[in-house]
Amino acid sequence: MTAMNVRIGTWFKYASPQYFYGLAGQLWPWFAALSAVLMGVGLWVGLLVAPTDAQQGQAYRIIFVHVPTSQMSMLIYVVMAAWAALGLAFNTRLSGMMASALAPTGAMFTLLSLVTGSLWGKPMWGAWWVWDARLTSELILLFLYLGFMALQSSIDDPRRADKACAVLALVGVVNVPIIYFSVVWWNTLHQGASVSLSKAPSMAAPMLWGMVVMVLAFWMYAVAVALARVRTIILERERHADWVQHALE
Amino acid sequence: MQIGCSMHWSSFSEFWAMGGYAVYVWGSFGLTALAMVAEACLVRHRRQALMRELRTDADGCVGVDGRTECGERCINAQRP
Amino acid sequence: MSGLPGHPDGSSTRTCAAMLAVARRELLLAMQHKGEVLTPLIFFVVVASLFPLGVGPEPALLQRMAPGVLWVSALLAALLSLPRLFATDHADGSLELMALSVTPLAWLVLAKVLMQALLSGVPLLLITPIICVQFGIYGNSTFILMLSLLIGFPVLMLVGSVGAALTLGVRGAGVLLALLVLPLYVPVLVFGAGAVEAEAAGLGASGHLSVLAALLVLSVFFAPLATAAALRIALE
């Protein structure tokens with residue numbers, strides 16, 4: 001066996017819930033610590049260093065929680081759908097467990113995105129809610145997450161539940177590009193993209209960097225929570241395996 | 001990347017008031033923080049409940065370090 | 001064996017024959033249980049009649065509301081017919097026979113769902129002008145509404161079939177089905193009702209109707225695949 005084969009074999013070991021349990025247990029504290037540090041930096045830049053916005057006054061600072069939660073709500077759904085696709089393609093148990101671990105966090109971020117958006121919309125637009133394309137499609141995303149969790153809990157057999165939820169997640173993933181591009185395709189009240197990879201950003205440097213750091217902080221938080229949650233899910237599903245008895249001691 | 005050390009605010013009450021938008025800004029940050037802390041607590045609670053359940057066998061004996069404190073009825077006592 | 005160009009072994013004709021057989025079976029079963037086909041229709045009429053009773057008879061308000069109300073009623077009527085889509089076939093074993101057949105399950109599902117859409121949708125379309133009169137809608141608006149329903153109702157049934165397959169035999173299937181499928185119905189509703197409003201506002205309905213037609217094409221291609229996958233999961 002060549003060295004390359006040994007290395008690939010080592011990586012595939014972690015597709016087994018037993019080994020992934022240990023790996024996740026070692027990794028999640030690091031992600032949590034990284035998230036805390038990034039959040040500290042992001043809040044310091046966002047709340048203390050960044051200047052006042054000319055048009056929106058201090059209310060614009062909601063951007064430092066609204067944008068991260070919105071980005072995460074979309075990212076987590078895509079990652080969840082990717083795990084679902086892997087599970088359907090390779091028939092692995094762990095893929096379904098990871099998708100189940102991600103769903104509640106994604107739903108929470110979607111709800112927060114809607115709530116912080118409302119709290120931003122009221123002073124800026126004068127309305128708690130408008131039925132424009134972006135808000136409506138974000139609301140649909142929340143229903144998709146809730147439907148995923150409801151379908152999961154109503155099917156008793158975990159393998160069948162994972163596969164059915166995988167199909168549902170893949171059908172719903174078409175909503176994510178709609179949310180993302182809604183501000184481009186329609187005239188909406190929601191502001192357009194101010195950050196792009198090709199043009200210079202239209203906002204001041206501290207604001208931009210504060211936002212980026214907060215997005216990274218929320219991303220690390222999501223990874224940490226998902227890894228912690230998947231450990232519990234692994235134990236729940238594999239409870240009759242021998243290694244679980246040893247892990248409890 | 002330049003982050004100036006000079007704070008933007010001249011007093012704490014100004015910081016707290018957020019230019020009149022205190023309810024909206026602190027409401028958003030507060031709810032977000034609350035949700036994230038609550039989620040972490042729920043994950044921990046779920047794990048602890050599961051551990052309690054897995055450590056308790058059918059006779060209601062709680063296994064500690066592979067041993068139990070029950071009598072011969074307890075099936076844990078027969079495990080190596 | 002004769003067949004279409006590209007499939008000289010006759011597999012295309014076999015597929016077509018199988019699809020026609022499934023469609024004919026649906027038609028025969030519907031003829032035997034006419035009540036089951038008419039129930040969504042009656043539901044549609046009743047629900048559409050509830051709205052004027054609820055909001056009051058002011059004509060201008062009813063005219064503004066009519067496209068949305070009729071679309072929501074059609075949507076709910078489609079939702080009502082979804083649980084029955086696969087349940088009886090699952091119960092008597094014919095669903096497993098379809099899954100085991102040589103023809104890919106997706107084609108058979110497409111034939112079945114389109115025939116069901118026809119059976120539920122045609123009576124709905126025929127009664128729509130009468131309901132429109134209740135709301136004070138005449139002429140061009142009625143025509144656009146019927147056109148949007150013609151294009152959109154099959155989309156509702158196709159997308160709904162995915163939900164019906166996912167919840168086959170599951171506890172609380174009816175409400176869960178609604179929770180899963182209604183978010184996916186929102187674009188169809190927005191563009192369907194929006195077409196009539198655009199026409200009434202003088203902007204022309206062609207944009208909305210084009211998007212609806214695109215949704216129909218997409219769902220004809222992809223929904224049967226997702227439904228077949230979900231049915232196989234349910235049959236395991």
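Rg/Rh, computed from the Cα trace of region C:62-119 with Rh as the Kirkwood radius, has the value 1.18.
The base-10 log of I(q)/I(0) for the protein assembly as shown, evaluated at q = 0.06, 0.11 Å⁻¹, reads -0.40, -1.14 [Debye formula, identical scatterers on Cα atoms, solvent excluded]. Taking the C-alpha atoms only, the angle from helix C:59-81 to the longest principal axis of chain C is near 20 degrees. Kirkwood analysis of the Cα pair distances in region C:1-128 returns a hydrodynamic radius of 17.0 Å. Size descriptors for chain C: radius of gyration and Dmax over Cα atoms are 18.9, 66 Å. Shown here is the pair-distance distribution of region C:190-236: with all Cα-Cα distances grouped in 10 Å bins from zero up to the longest one, the shares run 27, 30, 21, 15, 6, 0 percent. Normalised by the number of residues in chain A, the average gap of Cα pairs under 8 Å and 6 or more apart makes the relative contact order 35 percent.
Computed from Cα atoms, the angle from the helix C:173-200 axis to the main principal axis of chain C rounds to 50 degrees. Grouping the Cα pair distances of region C:142-228 into 10 Å bins from zero gives a pair-distance distribution of 19, 43, 26, 11, 1 percent in increasing distance order. Considering all C-alpha pairs of region A:39-155, those separated by over 22 Å amount to 45%.
Laboratory data are not the source of any read-out in this text; all were calculated from the coordinates shown. What you are looking at is a predicted structure, and each value in this text was computed from that prediction instead of being measured.
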